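Accompanying notes for the structure given below.
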Amino acid sequence: MQLKRFKPGMLPDYGLFNCDRLSAVREEVQYSLRCLPSPESFLPRVYNRNRNTVIAMSDIYEKIMDLAKRRGFIWPTSECYGSVAGFIDYGPLGSMMKRNIENAWRKFYIIQEGYYEIECPIIGQEDIFIASGHVKGFSDKMCQCPSCREFLRADHIAEAHGVTGASVLGTEDLARLICSLPCPACEEVLGPVEVFNFNLMFQTAIGPGSQRRGYLRPETAQGMFTDFQRLLRFYRDRLPFGAVQIGKSFRNEISPRQGMIRLREFTQAEAEIFVHPGEKDHPAFSRYEGYFVPLLSITRQEEDLPPVNCTMGEAVREGTIANQYVAYYLALTHQLLVSIGVNPDKLRFRQHLPDERAHYAEDCWDAEVFSDRFGWVETVGIADRTDYDLRAHERQSGERFSAFIPYDIPRKESRIRVTPDMGALGPRFRGEARAVAEALCASIPGPDGLTVTIGGKPVHITPDLYTVKEEISEVPGTDVVPHVIEPSYGIDRMIYAVLEHSYFEEMVDGEERRVLRLPPGIAPVQVAVLPLMNRDGLPEIAREIVDGAREEGVIAEYDDSGAIGRRYRRQDEVGTPFAITVDYETREDRTVTLRDRDSMRQVRVPVEGIGSLIRSLVEGRLSFAGL
Ligand code: GAP
């Protein structure tokens, strides 16, 4: 299929979609929440390196994107009209893999952490984004190339030429910096260009003929903030609690030329954990206290040192990480990313430098994944956002965004009560008497009385106009505005990282094999069932095995076309961890060959119970070596 017309700003991304023809995808896939494996079972398996020679690879990005398109992982969107950069379609296998990754995420945040998932609209009214600061400040620095008219990210041009921290420079400084640099699209020197702020939100109007402005959400987080009071009640008015959301977010990126890394429509998985501002020790910190994470702290960045492996307990004790909550989610994120197939040697956690961290944030770290093509890519952000978001919505909406925290034992507090003598205030201040009384009640007068400002004028209130009494009262608790700990994941970037880190080329018996070593719980197809011949009753037995596996919640595919070796290679290429071959022996003794993708070893197992056997293998409760 040819990529057709395109206009500036709607350029198809040739890096991502350079394949002319999309092969027809015949795979039958099914998804079942029932077969979700435990977090441990996602861990990638060791494979037999002795037998295979791993080929050193170049152009890995092109190879992965070619595979992704050919085999139905990722496609250009609306290709028949000329694709628009920054948007992609997930094909049958890509959707399945995406859902598996989302469910691996759910395993951690919903099952392990016990947080509930919510679902809020994609379009939000303007007030939300005024409060959040997106209307005013969610912009990137843009310029237009005078030669080719392409719109460009000015800070990216500077960064590509070795300038660090370009995103925090002012527009004029950036313009000065880039004027001698070439345009990344046409390679002409830019010369004097104007750099201006471009707001990344997609704007829309709510309702026909309506003046009501809305925006496509640039993050899922705001839904959890605006629902705060309802969530608090749902969690029976107790802190800490968390709410999570997986959904689409939209950012009108200026020049999205990085395939799945920078999209205009992408999926986020975000957790907002509301904690008492004075209690930042995580109640289950012992789970990750001894867990090692590669940390690239501010100090190490300033001293140009590589990341260092550090336990979370140590990092908090030494003050590298601000508190146990942030450390807990750093470790959980490390465990999660490795469990879905991110190579731990290509993963680090980088602390935001003071000039890139939001002014209100107490601490902020990015989980960065190394890509052969893109270098270190931010994939997850973990931040202690303090009470910034809730206070912002409190101000904008006028509603209460605090939680009442009862004391264990009610506290006795002394209070000074000032009671105005209205009989005396009335004749003295006439029309202003009420305002004077209110000012009195809100203050504590001194021995000579109190001076307040009424109608712009100072007014002195003498002690004969009121009485002062000390009262002891019982206070049951206090109102606090919770702090928010936010781990925010980009699902599409996670998918790309897993594809890149799982892709191998190797020589096997003199033949090249391409294999995706996806963890079984992430693989879009978990078992392929292959009748050796397309006759003599073998297809019937194979279909019976497919049905049995599906009943067990295993994603199974039937494939009878081509030589058996080619069928194995086809499955290896899409990461199917197990293949079952039905042959003539099966008719005699009801046994089949079970093949392991990584070691390519084969064992003979009975047909009876094979569905639950595969399920145990996929869930990691059984290892192939143990068969
Ligand atoms: N609520 C916080 C927040 O949205 P962020 O760092 O802007 O923080 C979180 O986004 C994650 O979302 C990033 O780490 C990244 O993985 C993903 N993300 C952000 N912009 C993206 C884009 N244009 N395309 C793909 N993923 C993106």
Item to check | Complete set of residues in the stretch 240-276 that are farther than 28 Å from PHE228 by Cα and either in contact with a helix residue (DSSP H, G or I) (Cβ under 7 Å, 6 or more places away or on another chain) or open to solvent by 40 Å² or more (accessible area, probe 1.4 Å) (or both) | outcome: ARG257, GLN258, GLY259, MET260, ILE261, ARG262, LEU263
Item to check | Residue within the stretch 153-167 that is in contact (Cβ under 8 Å) with a residue 12 or more places away in the chain, out of contact with any Cys (no Cβ under 8 Å at 6 or more places or on another chain), within 16 Å of the ligand (Cβ to nearest atom) and among the basic types (Lys, Arg) present | outcome: yes
Checklist entry - Within the stretch 244-294, can you find the residues that are under 17 Å from ALA367 (Cβ atoms) and more than 15 Å from the ligand (Cβ to nearest atom)? => result TYR288, TYR291, PHE292, VAL293, PRO294
Checklist entry - Does any residue in the stretch 530-554 that is farther than 18 Å from THR576 by Cβ and acidic (Asp, Glu) come within less than 8 Å, Cβ to Cβ, of a residue that is modelled with pLDDT of 95 or more and in a helix (DSSP H, G or I) six or more places away or on a different chain, and which pairs are these? => result ASP536/TYR584; ASP536/ARG587; GLU551/GLY611
Item to check | Selection within the stretch 83-101 - within 16 Å of the ligand (Cβ to nearest atom) and open to solvent by 20 Å² or more (accessible area, probe 1.4 Å) | outcome: VAL84, PHE87, ILE88, ASP89, TYR90, LYS98
Item to check | Qualifying positions in the stretch 357-374 - within 19 Å of the chain's Cα centre (by Cα) and either surrounded by fewer than 20 Cβ atoms within 10 Å (Cβ to Cβ) or within 13 Å of the ligand (Cβ to nearest atom) (or both) | outcome: ARG357, ALA358, ALA361, CYS364, TRP365, ASP366, ALA367, GLU368, VAL369, PHE370, SER371, PHE374
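So which strands (runs of 3 or more DSSP E) stay within the stretch 446-508 end to end and still have 3 or more residues that are in contact (Cβ under 8 Å) with a residue 60 or more places away in the chain and over 37 Å from the mean Cα position of the chain (by Cα)?
Details: elements: 450-454, 457-461, 466-480, 483-490, 503-508.
It comes to 466-480.
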Checklist entry - Taking only pairs six or more apart or across chains, which ones have beta-carbon atoms under 6 Å, a first residue in the stretch 213-229 that is within 14 Å of the ligand (Cβ to nearest atom), and a second residue that is at pLDDT below 95 and among the aliphatic types (A, V, I, L, M)? => result none
Checklist entry - Residues in the stretch 492-507: is at least one in contact with a helix residue (DSSP H, G or I) (Cβ under 9 Å, 6 or more places away or on another chain), away from the ligand (no atom under 16 Å from the Cβ) and among the basic types (Lys, Arg)? => result no
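State whether the residues of the stretch 176-183 include one that is in a helix (DSSP H, G or I) and in contact (Cβ under 8 Å) with a residue 12 or more places away in the chain. Full working, then the answer.
Of the stretch 176-183, the ones in a helix (DSSP H, G or I) are 176-178.
Among the residues that remain, those that are also in contact (Cβ under 8 Å) with a residue 12 or more places away in the chain are: 177-178.
Yes; the residues of the stretch 176-183 include at least one that is in a helix (DSSP H, G or I) and in contact (Cβ under 8 Å) with a residue 12 or more places away in the chain.
The values are calculated or read from the model by the stated rules, or taken from the named source; none is laboratory data. This one's a predicted model, so the numbers in the text were calculated from it and none came from an experiment. As a convention, Cβ positions derive from the backbone with ideal geometry for all residues, glycine included, and neighbour counts pool all protein chains shown. Quick note on the areas: whole protein, heavy atoms, side chains included, nothing else; ligands and nucleic acids left out. Shrake-Rupley method; radii C 1.70, N 1.55, O 1.52, S 1.80 Å.
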